[in-house]
Amino acid sequence: ANQSNKVAVIDSKEQKLTALVDVDKIPHPGRGANFVDPKFGPVWVTSALGNEKVTVIGTDPEQHKDNAWKVVRVLKGQGGGALFIKSHPKSRHLYSDTPLNPDPKISQSVAVFDINNLDKGFTVLPIAEWAGLKDDGAKRVVQPEYNVAGDEVWFSVWSAKNKESAIVVVDDKTRKLKTVIKDPRLITPTGKFNVNNTQKDVY
């Protein structure tokens, strides 16, 4: 997430720079998301802090050489202030948060894209509303995280330490609310990581 507006691609075996990809404005790579684009093959995706762009970069220099380390699509998300974007090999969805957007309607919800129909645009899920929190906290929705099976997505609803927060679990197939986790010990939840997916680089 830097003002150079570039994403650096490093060959991890050779420890050499493979490419510098132009991505505006203030990309926030995080772990990003990997999936197979129906038109461009294997890709990696990042959202941005500075604008609504969701940038899709080709990642397969063997079978899709012409697309490798190049921007192949730019999707329009809800707005700037995005931190995390996520998909799963068993899912057809791509989720993007926008917790740092100044508009509460945007910071308290997420955009969902259909990977098989990316040109269609996104659907908005009102995650903070589904949480049903009783106070006036910020309720910023941050970091979609899949379970091991890839059929649930967990979202943090993040408020100040003296306000109520929650974890909202969504059914990935239906994109409907599955359950809400609340507890006084759940204070300002931000990142949360499925141990299996983290260990095995499933993202």
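Put simply, when 128-136, 158-166, 75-83 are sorted by average Cβ atoms within 10 angstrom per residue, most first, you get 75-83, 158-166, 128-136.
Cross-link partners among lysines for Lys176, C-alpha distance below 22 Å, same-chain residues fewer than 8 apart left out? Correct list for Lys176: Lys86, Lys90, Lys105, Lys120, Lys134, Lys139, Lys192.
Taking only protein heavy atoms and a 1.4 Å probe, the accessible area of the chain is 51% carbon and sulfur. I'd like the FRET efficiency for Lys65 and Asp11, computed as 1/(1 + (r/R0)^6) with the beta carbon distance as r and R0 of 22 Å, rounded to 0.05. According to the calculation, E is roughly 0.90.
Ranked highest first by average number of other Cβ atoms within 10 Å, how do 192-203, 93-104 line up?
So the peptides 192-203, 93-104, ranked by packing, come out 93-104, 192-203.
Tell me the relative contact order for region 1-82 as a rounded percent, counting alpha carbon contacts under 8 Å between residues six or more apart. 23 percent.
Given a 1.4 Å probe and the protein chains as shown, Phe122 ends up with an accessible area of around 70 Å².
Pairs of Cα atoms in the chain fall into 10 Å distance bins, from 0 up to the last occupied one, in shares of 9, 35, 36, 15, 4, 0 percent. Based on Cα contacts under 8 Å between residues 6+ apart, region 1-148 shows a relative contact order of 16 percent. Remark: region 60-203 carries 52 Å² of accessible area per residue (probe radius 1.4 Å; ligands, DNA and RNA excluded).
The values are calculated or read from the model by the stated rules, or taken from the named source; none is laboratory data. Computed from a prediction, not measured in an experiment: that's the story for all the values here. Positions of Cβ are backbone-derived with ideal geometry, glycine not excepted, and every protein chain shown enters the neighbour counts. Protein only, heavy atoms only, side chains kept; ligands, DNA and RNA dropped before computing areas. Shrake-Rupley method; radii C 1.70, N 1.55, O 1.52, S 1.80 Å.
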